[in-house]
1. Give me, ordered by chain and number, the residues 5 or more places off ARG382 or on other chains with an amide H under 5 Å from its own placed amide H.
2. Test of understanding: what is the full-extension gain from HIS220 to ARG25, defined as 0.36 nm times their sequence separation minus their Cα-Cα distance?
3. Once the principal axes of the Cα atoms of the range 626-700 are found, what is the range along each, listed largest first in whole angstroms?
4. Testing the spin-label approximation: label points 7 Å from Cα along Cα→Cβ at ASP697 and ALA483. State their distance in nm.
5. Could you calculate the FRET efficiency of SER607 with THR645 from 1/(1 + (r/R0)^6), where r is the beta carbon distance between them and R0 is 45 Å, rounded to 0.05?
6. Could you compute Rg(Cα) / (2.2 N^0.38 Å) for the range 5-189, with N its residue count?
7. When you count, for each residue, the other Cβ atoms within 10 Å and take the mean per peptide, how do 114-122, 17-25 rank with the highest first?
8. Once phi is turned into ³J(HN,Hα) by the Karplus curve 6.51 cos²θ - 1.76 cosθ + 1.60 with θ = phi - 60°, what whole-Hz value does each residue of the range 478-491 show in order, with x for glycine and proline?
Amino acid sequence: MQKTHSSTQQIFSGFSAEDSEKIERALAIIAQIPEPLPYQRPTGVDTAAILMDFKVDVETILAAILSDPRLEELKPKPDIAKEFGKTVAALVKDINWLNKLNVYSTDMMHHPNQAETLRRMLLSMTQDMRAVLIKLAYRIKRLRILPKEAYEIRHFVAQETLDIYAPIANRLGIHQFKWELEDMAFRYLEPQIYLKIAKSLAAKREQRKACIEQFIQVLHTHLDSEGIKAEIYGRPKHIYSIWKKMQRKQLDIDELYDLLAVRVIVDNLTSCYAVLGIVHGAWQTIPKEFDDYIANPKENGYQSLHTVILDPQGNRIEVQIRTKEMHEFAEMGVAAHWSYKEGGKHNAALDKSIASLRKLLEEKDNDENITEDFRSELFHDRVYVLTPAGKLIDLVKGSTPLDFAYAIHTEIGHSCRGAKVNGRICPLTYALKSGEQVEILTTKDIRPNRNWIDPNLGYLKSAHAIGKVKSWFKHQQRDQNIAVGKTILDREIQHLGLKGFNIKELTLHFKQPDTDTLLEAIGRNDINSRQLAAFFKIPELEPQPALTIKKKPETKSVVTVEGIDNVLTTLAQCCMPVLGDDIMGYITHHRGITIHRKDCNNLTELSPEKHTQLIPVFWGTQKASHSVPIVIRAYNARHLLNNVTQVLGQANIHISNAALETNPDFSAVLNLTIQIENTRQLSLVLSRISQLPNIVDVKRKT
């Protein structure tokens, strides 16, 4: 039954006159919807009413109201951006996407990694964290009206709630939602067990209440006598968490001591231990149940004193003692039971995202940058895509369909010849976006393409996939690799327009024992095109050399370590990174930080315990610009200039002059003058142009 206008206005009271007027306009739009009978899904107004308990801003309330799924039936549809602003419109778009998402399957219940990937995808694709809060409110309302649905639907929605939405609420520290989501879902999945626990709790509620009140009164008396100020209250337990503990400890509900639990909040660290001493002195304790998480914090940073005492009646009471700061830290979500229950570790970015969410909920005049922080800090380096069968794959940001193929299986990667994204053919260099579905087109011929491991061409992003392709080529015959290496070397020399090349100097530079071993290394891509370009430096294109090891405070390293100056860095001899390579630092004991390529075998094969010695680094040189003439010969002039300018545009290369000459046989010569920073960048764009259709050759004009 629909709410009356006056009662609805009462629900959304407490806002300014201006905000109240906006809410009335949104309610007026919703009132026009021809509501089908019976309507068994949550409405926007019901969802917004749930959110009022959180004291959220008016934009959140408006977005909740206007994301009502019945709005699709309204003709004409309102222009939300025009009526209520771009922020509300963007929120509504996010919520509608979340409400329509249909990726979850009950198989995920048996594959925790898939459920975790889906949770991350939901969060990463949401532009504004408030959309997640609204989606959780929608799910709360959905569960409240779920008894009207068929058994199969009730079971599916409840299981999805436990697998996906309750953990998200838990992770974000929204505990009111987490508890209600878990308890209601559990009620639909295991109704008999739920009722048994509920009846047991109800039967002893008054007894527990009296026991807790008596303990708190006595403890207050002891603390007052010592002049210790403290906030003491009973800690509620929820049916689902009780059942989980019964399962984990294989105990009956009557044997669970922590159904009786008290939390003590004090002003400082000294008071924590003082309270502990008073508790242990006044009551009998159970030594094996004592944990000092202040002196020995959990991996997620959680700090508190835990002890269990026996009162005069023999009741076990769990007591948690912590400072206000420790309690705030726990309530922010980092230690609010999510990390150690889900088996995760402390994550600074996650801490900050939860703090941002709390700030957004509590402050009416919030900073617009907070919503952007949520996504950029927590999920800035990941992308989540689906297989045709609906399996979720977690990839590094910037990954291509080829990276996806190797993530599925090495053989699929080796035999990949094309890809469809959302049903449409796309290039193998396409950068995948979260939520896209990818299908790999394969051939029976298992043979990777050497271009895939050319860093200039952008086929592969992940070190895992690059390593697989390199490994394949390493196992090919030596003579074949030498021949391919010679071809690659000749092509690079031709592209750059070099003369008087001495292969012995190149052999010495790369510390190879002889020419054939050098060519074999090039053929296997152990030495790549960027490293060759770094050796073949064209003097007029290169800036003044920068120091790679900082010896004095006034000098500046070519490598920056997380924004810190004056750090001793050394370029690794194993992979010999050059300017432009994706790099990673490894903290050594005697040589400062060694700089490796991210795909270096020595890094990819590191043991897990040594991963803590990895540190983000990046190149920090000054940019320069040089005019470089290049000449491109093509079999056909059709689309030549357009294709070349697209490649240069993608690489942010400016064209200062262009001249196209066509011949009667339709062949063409394109002369360009482009603005180049250095030899490496020149090598990169020449390599990419050489991959275009109908290209005969491309090189620097000398």
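Where a number appears in this text, it was derived from the coordinates with a stated rule and is not lab data. Not measured: the values here are computed from a predicted model. Note: ideal-geometry Cβ built from the backbone for every residue, glycine included; neighbour counts use all protein chains shown.
1. LYS397
2. Details: separation 195, 0.36 × 195 = 70.20 nm, distance 5.18 nm.
Separation in residues times 0.36 nm, less the Cα-Cα distance, equals 65.0 nm.
3. Over the range 626-700, Cα extents along the principal axes are 36, 21, 18 Å.
4. 2.1 nm
5. Details: r = 48 Å, r/R0 = 1.06.
Between SER607 and THR645 the formula returns 0.40.
6. Values: Rg = 16.4 Å, N = 185, 2.2 N^0.38 = 16.0 Å.
Working it through for the range 5-189, the quotient is 1.03.
7. Details: 114-122: 20.7, 17-25: 14.0.
Taking the mean over residues of other Cβ atoms within 10 Å, the ranking is 114-122, 17-25.
8. Computed from phi, the couplings for the range 478-491 are 4, 4, 5, 5, 4, 5, 5, x, 5, 4, 4, 5, 4, 5 Hz.
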